[in-house]
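This report concerns only the one structure given below.
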Ligand SMILES: [Zn+2]
């Protein structure tokens, strides 16, 4: 179990959704939902999300063996 969660994107402690063990705070979640590719922050969030999902185990590995 995780205790104090820090947002994987903005680094602020807080509660929010947890994806792959990484917390995304409510404000970042809202920002991601509302972001558009023309936004200045689009690349920033895209990279942050990429980091989070880079650690997701491949489903294949889970079911192999
Ligand atoms: Zn955040």
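FYI, it's all coordinate maths here, none of it is from the lab. Since the model is a prediction, treat every value here as computed from it, not as a measurement. For neighbour counting, all protein chains shown are included, and Cβ atoms are generated from backbone atoms with ideal geometry for every residue, glycine included.
Can you give me the distance in nm between label points at residue 36 and residue 55, each placed 7 Å from the Cα along the Cα-to-Cβ direction?
Each label point is offset 7 Å from its Cα along the Cβ direction, giving 3.3 nm.
Compute the distance in nm between two label points, each set 7 Å from the Cα along the Cα-to-Cβ direction, one at residue 6 and one at residue 29.
Going from the residue 6 label point to the residue 29 one covers 2.1 nm.
Taking R0 as 22 Å, what's the FRET efficiency between residue 47 and residue 13 from their Cβ-Cβ distance, rounded to 0.05?
0.55
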